[in-house]
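Structure first, then comments.
The values are calculated or read from the model by the stated rules, or taken from the named source; none is laboratory data. Every value quoted in this text rests on a predicted model; they were computed, and no experiment measured them. Neighbour counts are summed over all protein chains in view; Cβ atoms, including those assigned to glycine, are modelled from backbone coordinates with ideal geometry. Keep in mind that these areas ignore ligands, DNA and RNA; they rest on the heavy atoms of the full protein, side chains included. Shrake-Rupley method; radii C 1.70, N 1.55, O 1.52, S 1.80 Å.
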Amino acid sequence: MKRSTGSLSKKDLLPRTIAVITDSCADVPPELARQYGIYILPLQIRCSEGVFRDGVDIHPADIYRIQQKEQPGSSLPLGSDLEQLLTRIKEDGYTQAIALMMSSGLSGTYNLVRQAVEPAAENGLTLAAFDTMTSSIGTGAIALQLSEYIARGMDFEDACQEAEKLIKGTTVFFSVDTLEFLRKGGRIGKITAMAGSVLQIKPILAFAEDGQLTSVAKVRGRKMVQQKLIELVQERYQPGRRFNLMVADGGAPEEGKELEKKLAKAFPGYENYFKANIGATLSIYTGSGVLGAAIQYLD
């Protein structure tokens with residue numbers, strides 16, 4: 001994920017008093033995580049080659065390779081990893097932290113972190129955990145935008161309120177090339193079955209109110225995917241409101257660049273533009289060829 005406008009300069013930044021935590025499915029790259037004080041909790045990935053940590057010792061290209069011979073699986077972050085992360089936050093001088101985790105409709109990661117709130121308080125760290133009800137560019141954009149607010153001096157209580165607003169104001173749409181991996185991985189959720197492989201039907205997915213995946217549209221052929229994604233964002237667009245744009249791709253970099261340009265042209269009034277590459281855990285369930293577009297309201 002990259003920030004193409006609105007970056008903070010050093011003179012804008014205040015001493016940080018609040019840490020922001022998210023999981024590896026938020027697809028925030030290490031350089032931005034360091035710049036904006038975001039701590040990443042990695043999910044685990046399992047296959048015949050071993051057990052790995054998402055974004056640490058396994059990456060999307062590895063997943064695409066492994067999928068040619070088997071279906072890898074994912075599991076929650078290690079409890080010990082969470083304990084170590086919270087300890088590191090304390091050692092880095094923070095007394096407050098906000099955790100923004102991927103949808104509980106897809107993973108138990110939010111519940112894992114929520115259970116750590118009381119133990120963290122006993123160790124002197126005030127921790128608030130939020131279910132973002134989305135993932136990838138959705139969760140990542142929420143974490144980055146909230147980190148920017150905190151860097152400009154927002155206090156803990158206000159930051160928690162803004163987290164809730166950002167969650168409600170963030171909508172993500174994405175297309176997968178095939179539903180095969182979602183089916184194999186047991187993440188099919190509310191997605192309507194369709195004969196995609198026979199008719200070249202490409203489903204457009206979004207997150208339902210309960211955080212599960214659901215079908216919102218379908219097109220015939222990849223050439224129609226980008227236009228449909230833009231149309232779906234247009235349906236959510238409200239002139240006069242402050243907003244960010246987001247684009248993602250998984251194993252489709254050239255199409256991702258095209259979509260980034262088209263979305264920016266269609267909605268030129270954005271404040272920040274986030275670009276993400278789908279990480280290893282989500283690639284297990286999407287495969288390659290993913291395109292996503294999203295809008296996030298700030299008011």
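Couple of notes before you dig in:
Residue-wise test of (1) basic (Lys, Arg); (2) assigned to a strand (DSSP E or B); (3) modelled with pLDDT of 95 or more.
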position: 5; (1), (2), (3): no, no, no
position: 22; (1), (2), (3): no, yes, yes
position: 40; (1), (2), (3): no, yes, yes
position: 46; (1), (2), (3): yes, yes, yes
position: 53; (1), (2), (3): yes, yes, yes
position: 65; (1), (2), (3): yes, no, yes
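- When residues in segment 120-132 are screened for being in contact with a Ser or Thr (Cβ under 8 Å, 6 or more places away or on another chain) and either buried (at least 20 other Cβ atoms within 10 Å of the Cβ) or of a type in the set (Asp, Glu) (or both), 3 of them pass.
- As for segment 133-150, it holds no residue that is open to solvent by less than 10 Å² (accessible area, probe 1.4 Å) and assigned to a strand (DSSP E or B).
- Cβ-Cβ under 9 Å pairs, at least 6 apart or on other chains, segment 72-92 side within 20 Å of residue 283 (Cα to Cα), far side in a strand (DSSP E or B) and acidic (Asp, Glu): 74/54; 77/23; 77/54
- Number of residues in segment 237-254 that are touching a residue at least 12 places away in the same chain (Cβ under 8 Å) and over 19 Å from the mean Cα position of the chain (by Cα) equals 4.
- Tallying residues that are out of contact with any helix residue (DSSP H, G or I) (no Cβ under 8 Å at 6 or more places or on another chain) and surrounded by fewer than 19 Cβ atoms within 10 Å (Cβ to Cβ) within segment 57-84 yields 12.
- Extreme residue, nearest to residue 248 (Cα to Cα), among residues of segment 42-56 that are among the charged types (D, E, K, R) and open to solvent by 40 Å² or more (accessible area, probe 1.4 Å): 53
- Hey, residue 86 on the phi < 0 side of the Ramachandran plot and touching a Gly at 6+ places or on another chain (Cβ under 6 Å) or not: no
- Residues of segment 256-265 that are touching a strand residue (DSSP E or B) at 6+ places or on another chain (Cβ under 6 Å) and either among the basic types (Lys, Arg) or open to solvent by 10 Å² or more (accessible area, probe 1.4 Å) (or both): 260 alone.
- Matching residues, segment 107-132, being small (Gly, Ala, Ser), in a loop (DSSP other than H, G, I, E, B) and over 13 Å from the mean Cα position of the chain (by Cα): 108, 116, 124
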